[in-house]
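S.K.: The structure's right below; bear with me while I get my questions together.
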Amino acid sequence: MPDLDAPFAALADPTRRAILARLAEGEATVHDLARPFAISQPAISRHLRVLEDAGLIETRIAGTSRPRRLKPDTMAQLWDWLGQYRALWETQFQRLDAVLDSLPDDPPSPERNP
């Protein structure tokens with residue numbers, strides 16, 4: 001199992017999650033990624049460095065441009081790891097559904113103390 005500490009740590013920040021959501025739509029430059037945020041371009045560059053060090057994104061060199069894009073291998077490893085727990089939770093939810101289905105539809109009337 002690969003080390004997933006750095007990717008999960010990178011995902012802990014909402015700005016980095018928003019950057020990943022934008023990159024899920026396609027490649028983007030630092031300028032493109034900085035546009036919707038009220039932070040400086042150097043701050044976006046630092047977020048991109050964290051994402052790249054975590055293996056979540058990669059930089060493509062295109063002349064003088066450096067567009068970033070998602071690195072699907074690391075995302076797949078995260079998804080695989082989370083999938084182990086998804087099956088567990090689905091089983092628990094199925095059991096809860098069975099209990100809820102066995103309950104009567106009409107709630108009991110409130111008891112009054114004399």
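S.K.: In segment 16-54, how many residues are assigned to a helix (DSSP H, G or I), surrounded by fewer than 16 Cβ atoms within 10 Å (Cβ to Cβ) and out of contact with any Leu (no Cβ under 8 Å at 6 or more places or on another chain)?
M.R.: 12
S.K.: Now a separate question. Considering (1) touching a Leu at 6+ places or on another chain (Cβ under 7 Å); (2) farther than 18 Å from Asp80 by Cβ; (3) touching a residue at least 40 places away in the same chain (Cβ under 8 Å), say which one Ala10 fails and leave the rest.
M.R.: Every condition holds for Ala10 apart from (2).
S.K.: Restricting the search to segment 60-84, which residues are surrounded by 15 or more Cβ atoms within 10 Å (Cβ to Cβ), part of a strand (DSSP E or B) and either over 19 Å from the mean Cα position of the chain (by Cα) or among the hydrophobic types (A, V, I, L, M, F, W, C) (or both)?
M.R.: Within segment 60-84, Leu70 is the sole residue that qualifies.
S.K.: Among the residues in segment 86-106, are any surrounded by 10 or more Cβ atoms within 10 Å (Cβ to Cβ), assigned to a helix (DSSP H, G or I), under 14 Å from the mean Cα position of the chain (by Cα) and not aliphatic (A, V, I, L, M)?
M.R.: Within segment 86-106 (the criterion being surrounded by 10 or more Cβ atoms within 10 Å (Cβ to Cβ), assigned to a helix (DSSP H, G or I), under 14 Å from the mean Cα position of the chain (by Cα) and not aliphatic (A, V, I, L, M)), the answer is no, since none of the residues qualifies.
S.K.: Another question, then. What are the residues in segment 83-104 that are among the acidic types (Asp, Glu) and over 28 Å from Leu4 (Cβ atoms), if any?
M.R.: Scanning segment 83-104 gives Asp97, Asp101.
Each reported figure results from applying straightforward, stated rules to the coordinates on display, with no laboratory input. Being a predicted model, the structure only gives us computed values, none of them experimental. Every residue, glycine among them, receives a Cβ derived from its backbone with ideal geometry; neighbour counts consider all protein chains shown.
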